[in-house]
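See structure below.
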Amino acid sequence: MKPIFVHALLLSLSVVVFAPAADAIPDRPEKLQFPALKYEPPRAADHRVVLKSGPVAYVVPDRELPLVSLVIYVRTGQHTEPAGKEGLASLAGSLLARGGTKSKTAEELEERLAFLAAGLNASVGDTQGTVSLNLLSKDLDEGLAILREVLTAPRLQEDKLALFKQQTLQSMKQRNDDSADIEQRERRFLAYGENFWVNRHATQASIESITRADIEAFHRRWFHPKNFVVAASGDFDRAALTAKLETLFASWPFQGDVAKPVPTDKQFAAPGLYFVEKDVNQGRVSLLLPGIRRDDPDYPAVEVMNDILGGGGFTSRIMNRVRSDEGLAYSAGTGFPGGVYYPLSFVAVFQSKSGTVAYATSLVLDEMRKIAATPVTAEELETTKKSFIETFPSSFATKGQVAGALAQEEFTGRYAKEPDYFKNYRAKIAAITAADVQRVAKKYMTPEKAVILVVGQKAEILKGHPNHPVKIESLAPRMVNVPLRDPLTMKP
Amino acid sequence: MNRQSSIRVLFVLLLAAAFVPALRAQKVPVTEHILPNGLKVLLLERHDAPDVAGGWVAKVGSANERPGITGIAHLFEHMMFKGTPTIGTKDFKKDVEILNAQERVRELMREEEAKLRAAWRRGEIDDPQKPENRTPRLRELGKEFQQLVEEQRKILVKNEFDRIYTAGGGSQMNAYTSYDVTAYFITVPANKLELFMWMESERILRPIFREFYAERDVVFEERRMRTDSTPLGKFAEAFESLFWESHPYSWPIIGWPSDIAAISREQADDFYATYYAPQNLTLILVGDFDSKRTLAMVEKYFGRIPKGKKATPDVVTLEVAQNAEKRMYAEAETNPQVDILWHTVAYGHADSYPLSVLAQILSTRTGRLYKNLVLGPQVATETWAWQGSRKWAGQFNLGGECRDGRKPEEVEQAIYAELDKLKNEDLPAAELQKVKNNFAAGEYRRLANNHAILQQLMRAEGAGDWREINEGGPRLQTVTAADVRRVANKYFTKENRAVAVYTRKAGAATDEPDFAGLSDQQKPVARKVLSTIKAETNLAALKQRAQQLDEQLSKAEAKTQTFLKLLRKKTQERIAELEKK
């Protein structure tokens, strides 16, 4: 174990007396001169280890603190859930880490982890599972032994399953309480369709039908080293940890399966204004458009375009117009995430008092038209590009981030196709021109296809505001009332 | 920007006896310096990543306000991003003329607004803030003001302060206001440290509060988003106000709506002169820099800010001792739950350490509340426990969400039973050690990156003294079982607590789609019956019930038809569900 800081306590309380500044302070920050900053992103080759036992691991030593972090990414997800068993993936994740092991009851496992101040967690999300261990390096061997047992011989204790099922059912009852939750859920229905797998929600019936045998089958099917990618960082020697990982994954007691590719049969809703009635004094608005995959050649230009339009916080056009100029919203912006497996939708979001929902929506549509009609300014382009380029090193500020980012490249398959993605990233952004931005804006910013979701007091929102004559029904070809779904069946 | 309270953060250091002794002496080697103008500077060199996390705290929060200007500290947090004489405008001279003209119009508007409040007191209008109720004169002035805004917009350079940082590679730029402190922070690439110096010293030295009145509207939207439109926001605000009697913690950080609408530029200027003087600020840098050179740069840029004329006033109002238990019963769109607060102690108080240990004993998955309320007798599905020490006073919070079918009062009693055990029995040594081990490991985990360390220093400094990040940990490690038992007996009394009991609001969104057409008397009955139907697993019983409902329906009156049809529909759905299995 290494000390945190080389020096011992070094506290000094002093009144500082300095010589007056030699050179004057300029009136504008552009006049300052900055030293060059050389930075090269981490290279996969420096950390990548193909374990004999199957998984690829990224092993990044970091001796500053006496801690070790291990994250195992698992190729599984909600898309593998059998019909009628919605909620299985999430329950399986919870029970794996919280349900005990062959040699320890759930209670014994929890107590031991707590005494060691170790974090051991598992979860299964939409397209990946995660099992993580974070502990003091002095406890690494014991922690790895526990992890091995969790992965290969979990107890999946019945009483814990019953508890998690009950907790899931109870939290379902809150599905319509918060307007933000309603908005988020309906947004996905509109962007990807009622039948797309991301919209198969757990229901009372599906949760009640899940048995320990279902969880066990799910675990044995997917939690196998051939489905694992590992990110390890912390206080260890690289060779020593690699050997420990080999032991961790050796001679697996069961045969796993390899999941089918993530389904991509999504369906975008018909253009229109979709209203969900909710009695709150602020309407929540999501404006959706069909999206893009991250490996699309257009994607770098789309990232820059989105940043200028609404992704760049206070520097973006929509924030300036909706918040700073008009005071119509606290948060306003856009997101255009490139999908890994299928195109993820574009979304512009804001929240505004009922009376100004219509006006603010019209401003957002207006900005979408503008960015397609006129090239962005040289200054806007420069600001955004510099921001992407200069903040790039912050993605790798800790060794944990380095291991995690590289492991994600491996897991999502980009490493295989584009091993130099990080190395080339800044050059790709630097090459984007105003013409590129306008071309993708024309292609993707298509207000006529917009699906506008509004959650709030419909009658008040339809009234509009005395100072702004725009009516919300004039902004879309049709208006659809979306009923609230029953929280336990998800049926409208 | 974020509104936060520091309630959920504990700053601790040092190690459990179980750990190797070599680690025991490690502290975060911050150096402290005071400039001649009173500015405190904290520096911590770390050379892992090529960046610097920089920030500063103004030791002012909502507790420094008074009725009439509540929310002003938070409004400042927004205004500090509006620029300087050279940042944010193309023509500063004209900018100042317009700002002054705007203020003259606003003065007249305030006179009209006073008339509206008078009309409201007489009952002539329903709400002095509704646009529909404005006087003709106020409408005129509003138009005049709007023209000045349009005029200013022509020379405005929008959000230029943010744009410069963005182009300079700044990230995580944000700010927050708490009850005690206002904090501003950003991470810049290591080579841009001087940009940070320029930007931050300029905005402290000569901020220009442009778009002041539009920003109040933004704050209103922030209030609607956080407080009005969330299931528990407005109730949590009311509960906090009920809890604090004399202390300024009784008003919300974001301010009362009437005050936000009435704050003037002049009040803002006074507030700034009082609380943003360098002797009330602490500048903090964590990251990849050379301390000696950096300190020289700090002196050059921040040393030019003149010292404030007066010392910053202390908050003198102490919370009065509570004489009787307080209870609030709220019907909200939420699962039933109970939330309990006790008055405890301020940041750095000797009792805050045993109270923090006590909170840990009760919280987490192996803590007593989870074991004995969630896992054991199963009265709750979720529980929580916090010791929240703020700068001027503190509170302890316990609560839980009821398991279906259990009442908030049952959860409440179960919590008191756990407290009684802590009052009457010493903690077993292993349980105390487990908690201390977690505090000790947390000492390392919190040091993961520059930004995280900066945040902790800002919070500790805002709550009283940054040294607490080195001194709190050892104090936690010395807490004994007897200390815990003593504080349990001292603070957890009936007279010292306030209890919020939440039940689900009748006819809340959960059942709306089905309950359309039911009378208010029928709804609660339907809710009860439907929950038993949903829980029923006996197929035969359900089928029999469906048959009975058919019979009842054939002879029911019109007003009970809807009700019975709903029950029949739900019974059939449940039958179908069970048959599918």
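The values are calculated or read from the model by the stated rules, or taken from the named source; none is laboratory data. Just so we're clear, the structure is a prediction, and the values are computed from it rather than from any experiment. Because the Cβ atoms are built from the backbone with ideal geometry, glycine has one as well, and the counts that use them run over all protein chains shown. Side chains are part of the model used for accessible areas, which takes the heavy atoms of the whole protein and leaves out ligands, DNA and RNA. Shrake-Rupley method; radii C 1.70, N 1.55, O 1.52, S 1.80 Å.
Observations, loosely collected:
- Candidates A:A232, A:A202, A:A191 - the one that is assigned by TED's automatic domain parsing to the domain that holds A:V50, among the aliphatic types (A, V, I, L, M), surrounded by 21 or more Cβ atoms within 10 Å (Cβ to Cβ) and part of a loop (DSSP other than H, G, I, E, B): A:A202
- The one condition in (1) assigned to a helix (DSSP H, G or I); (2) modelled with pLDDT of 95 or more; (3) aliphatic (A, V, I, L, M) that B:I186 fails to fulfil: (1)
- Positions within the stretch B:403-427 being open to solvent by less than 70 Å² (accessible area, probe 1.4 Å), within 29 Å of B:D483 (Cα to Cα) and assigned to a loop (DSSP other than H, G, I, E, B), in sequence order: B:L427
- One residue alone among A:D214, A:D265, A:D257 is within 27 Å of the chain's Cα centre (by Cα) and under 21 Å from A:G87 (Cβ atoms), and that residue is A:D257.
- B:G442 vs. criteria at positive phi and either outside the structural domain of B:Q360 (by TED's automatic domain parsing) or open to solvent by 20 Å² or more (accessible area, probe 1.4 Å) (or both): no
- Of all residues in the stretch B:212-258 being assigned to a loop (DSSP other than H, G, I, E, B) and within 10 Å of chain A (Cβ to nearest Cβ), the one that is least open to solvent (accessible area, probe 1.4 Å): B:S229
- Residue in the stretch A:105-148 that is nearest to the other protein chains (Cβ to nearest Cβ), counting only those that are of a type in the set (D, E) and surrounded by fewer than 17 Cβ atoms within 10 Å (Cβ to Cβ): A:E107
- Subset of the stretch B:166-200 [among the hydroxyl-bearing types (S, T, Y) and within 8 Å of chain A (Cβ to nearest Cβ)]: B:T166, B:S171, B:T187
- Looking only at the stretch B:51-97, and only at residues there that are among the aromatic types (F, W, Y) and open to solvent by less than 10 Å² (accessible area, probe 1.4 Å), the one that is modelled with the highest pLDDT: B:W56
Residue-by-condition table, conditions (1) among the hydrophobic types (A, V, I, L, M, F, W, C); (2) at negative phi; (3) open to solvent by less than 80 Å² (accessible area, probe 1.4 Å); (4) touching a Cys at 6+ places or on another chain (Cβ under 7 Å):
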position: B:N100; (1), (2), (3), (4): no, yes, yes, no
position: B:E112; (1), (2), (3), (4): no, yes, yes, no
position: B:A118; (1), (2), (3), (4): yes, yes, yes, no
position: B:R122; (1), (2), (3), (4): no, yes, no, no
position: B:I125; (1), (2), (3), (4): yes, yes, yes, no
position: B:P131; (1), (2), (3), (4): no, yes, yes, no
position: B:G142; (1), (2), (3), (4): no, yes, yes, no
position: B:F145; (1), (2), (3), (4): yes, yes, yes, no
position: B:E151; (1), (2), (3), (4): no, yes, yes, no
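- Neighbours by Cβ (under 6 Å, 6+ apart or cross-chain): first from the stretch A:365-390, assigned to a helix (DSSP H, G or I); second open to solvent by less than 50 Å² (accessible area, probe 1.4 Å) and acidic (D, E): A:T384/A:D307
- Of all the listed residues (B:E573, B:E536), the sole one being at pLDDT 75 or above, over 30 Å from A:K278 (Cβ atoms) and under 44 Å from the mean Cα position of the chain (by Cα) is B:E536.
- Taken over the stretch B:51-78, the residue count meeting the criterion of being assigned to a helix (DSSP H, G or I) and not acidic (D, E) is 9.
- Of the criteria (1) assigned to a helix (DSSP H, G or I); (2) under 23 Å from A:G283 (Cβ atoms), which one A:D436 fails: (2)
- Residue match in the stretch A:22-31 (condition: at pLDDT below 95 and within 29 Å of the chain's Cα centre (by Cα)): no
- Test: residue in the stretch B:457-478 that is of a type in the set (A, V, I, L, M) and at the interface with chain A (Cβ under 8 Å from one of its Cβ atoms): no
- Flag if A:V304 is assigned to a helix (DSSP H, G or I) and closer than 22 Å to B:R226 by Cβ: no
- Selection of the stretch A:418-468 for residues being open to solvent by 60 Å² or more (accessible area, probe 1.4 Å) and either touching a strand residue (DSSP E or B) at 6+ places or on another chain (Cβ under 8 Å) or within 14 Å of another protein chain (Cβ to nearest Cβ) (or both) yields A:K449, A:E460, A:K463, A:P466, A:N467.
- Residue that is farthest from A:Q401 (Cα to Cα), among those in the stretch B:36-50 that are open to solvent by 20 Å² or more (accessible area, probe 1.4 Å) and part of a strand (DSSP E or B): B:K40
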